[in-house]
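Structure record follows, encoded as structure tokens.
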Ligand code: GDG
């Protein structure tokens, strides 16, 4: 069996002692790389300003080579902050209103994908399997094929695939759609995404399920743009057992002790997200305000802790959102708060992983209400972190990929603040028996479908 070549925009490098970064995807993909030997290729995260990027840099760690390329400032602005994060991200999350299409940025996106292909090409051996991750690199397989690469190439999309009417509103959507047909296996988070993707091919008149396809909602043999390939659903998981252990051992961390001391008898509701408009943070704070108004007996007895470290601060929409969230939290605290009670605590910083696990475990309710989300790992982490004897309740947006799997969650529509308020109330008043029963079902599912299984299943399907 050949080596594994993983390509992603950013590469989670090990520290100086060779320890790999904690957290799902990095751990699982590292394990697969360690097993087969191989390369993890991507952007170093560094810009070389107006200069042309120098040669790639390589770092060896056991059987894995990390190969990194810098980008020029122009590449970074156009490919990463521009086309990937101001066109593909909003459109794939159904936010046409936030998409800022410019031809220059589109050119930069394809230029960087060509450069990735040029730099990867000399490193490839004939029996390597290549696994490309996420929306930054959709055209990569097509570029590699143009350079004569015949290897198996797989792609996994971590974010949702949009319905046809949304995708088709994006100029050059056809190049993006065609780009995926150069892969051998295209992986999506949910059956819904796969279905949207196949509908786009059919609507475009460029292909669809092959004649011998088994018509499964989770996998498809496709023929499109003159190529035969497969697409299937692989719901990403977390390191369930490790995360549960981390949470169980977190009681003595300072953050958890401080939190507990400051809460007294109050119930904690927790939200954790990268500060991103897809996560529905303003809508969540509004729904929490609505909850306090609709259920006034709860005032003074419950606190919403929203942890939201900044991300993509170079994109204007993200800076605006930061101000909006601050102002909404301030508004709720100003109008409903009391001298000894702050309804919303907003932390615009990253907290340590163990503290995070501990905070999830302290919280009566995990409030995970994205407007749209490929999967949402926070929902899964919240479940894994609970105390089996006294678990909290997950309130989950029906628009998170995780909602397809986590049947024990109380589902809500994040656009409907009244319904979300009712869901919070339902979660807070749920009996211990019902909480345990709902939690057990979800936990069993997460143990059986952890991130190692996701990685294994994907690579097996690509190899098949
Ligand atoms: C994309 C897709 C898909 C957040 N704040 C802190 C912190 N986090 C960690 C969480 C979680 C991760 O970040 C966020 O993962 P999500 O899945 O929720 O969201 P995205 O970043 O948008 O990821 C998503 C995912 O890819 C995987 O395929 O599920 O749908 O959008 O792990 O815990 N971690 C720490 N401190 C924080 O303050 N330590």
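List, please: which pairs have Cβ atoms under 8 Å, are six or more places apart or on different chains, and start with a residue in segment 307-326 that is free of Cβ contacts under 8 Å to residues at least 24 places away in the same chain and more than 24 Å from residue 355 (Cα to Cα) and end with one that is within 14 Å of the ligand (Cβ to nearest atom) and part of a helix (DSSP H, G or I)?
From residues that are free of Cβ contacts under 8 Å to residues at least 24 places away in the same chain and more than 24 Å from residue 355 (Cα to Cα), there are no pairs.
Looking at residue 292 and the list (1) more than 16 Å from the ligand (Cβ to nearest atom); (2) modelled with pLDDT of 95 or more; (3) under 30 Å from residue 203 (Cβ atoms), which single condition is not satisfied?
Every condition holds for residue 292 apart from (3).
List the number of the failed condition for residue 280; all other conditions in (1) away from the ligand (no atom under 16 Å from the Cβ); (2) within 15 Å of residue 417 (Cβ to Cβ) hold.
(1)
Could you please let me know if residue 355 is within 15 Å of the ligand (Cβ to nearest atom), in the same structural domain as residue 308 (by TED's automatic domain parsing) and more than 18 Å from the chain's Cα centre (by Cα)?
Criteria met by residue 355.
Looking only at helices (runs of 4 or more DSSP H) that fall completely inside segment 139-204, which ones have 1 or more residues that are closer than 22 Å to residue 370 by Cβ?
Hits in segment 139-204: 164-167, 191-204.
Anything in segment 92-103 that is part of a helix (DSSP H, G or I) and over 23 Å from residue 42 (Cβ atoms)? List them, or say none.
Correct list: 96, 97, 98, 103.
Go through (1) farther than 25 Å from residue 412 by Cβ; (2) in a helix (DSSP H, G or I); (3) within 16 Å of the ligand (Cβ to nearest atom) and name the single condition residue 313 misses.
Unmet for residue 313, out of (1) farther than 25 Å from residue 412 by Cβ; (2) in a helix (DSSP H, G or I); (3) within 16 Å of the ligand (Cβ to nearest atom): (2).
Identify, by number, the condition in (1) assigned by TED's automatic domain parsing to the domain that holds residue 159; (2) modelled with pLDDT of 95 or more; (3) within 28 Å of the chain's Cα centre (by Cα) that residue 228 doesn't meet.
Against the list (1) assigned by TED's automatic domain parsing to the domain that holds residue 159; (2) modelled with pLDDT of 95 or more; (3) within 28 Å of the chain's Cα centre (by Cα), residue 228 comes up short only on (3).
Any residue in segment 152-180 that's closer than 15 Å to residue 195 by Cα: show its pairings with residues that are in a loop (DSSP other than H, G, I, E, B) and within 16 Å of the ligand (Cβ to nearest atom) at Cβ separation under 6 Å, as long as the two are six or more apart or on different chains.
Hits for this filter: 159/374; 160/372; 160/374; 162/94; 166/94.
Each row is one residue, and each column tells you yes or no for (1) surrounded by 15 or more Cβ atoms within 10 Å (Cβ to Cβ); (2) within 24 Å of the chain's Cα centre (by Cα); (3) not assigned by TED's automatic domain parsing to the domain that holds residue 357.
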| site | (1), (2), (3) |
| --- | --- |
| 8 | yes, yes, yes |
| 12 | yes, yes, yes |
| 16 | no, no, yes |
| 45 | no, yes, yes |
| 57 | no, no, yes |
| 66 | yes, yes, yes |
| 84 | yes, yes, yes |
| 107 | no, no, yes |
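Is it the case that residue 433 is out of contact with any strand residue (DSSP E or B) (no Cβ under 8 Å at 6 or more places or on another chain) and either in contact (Cβ under 8 Å) with a residue 24 or more places away in the chain or crowded, with 19+ Cβ neighbours inside 10 Å (or both)?
Against the criterion (out of contact with any strand residue (DSSP E or B) (no Cβ under 8 Å at 6 or more places or on another chain) and either in contact (Cβ under 8 Å) with a residue 24 or more places away in the chain or crowded, with 19+ Cβ neighbours inside 10 Å (or both)), residue 433 does not qualify.
Answer yes or no: is there a residue in segment 317-332 that is more than 16 Å from the ligand (Cβ to nearest atom) and outside any helix (DSSP H, G or I).
Within segment 317-332, none of the residues are more than 16 Å from the ligand (Cβ to nearest atom) and outside any helix (DSSP H, G or I).
State yes or no: is residue 61 assigned by TED's automatic domain parsing to the domain that holds residue 155 and touching a residue at least 40 places away in the same chain (Cβ under 8 Å)?
Judged against the criteria, residue 61 is a match.
The values are calculated or read from the model by the stated rules, or taken from the named source; none is laboratory data. These figures come from a predicted structure and were not determined experimentally. With ideal geometry, Cβ positions are generated from the backbone for all residues, glycine too; neighbour counts draw on all protein chains shown.
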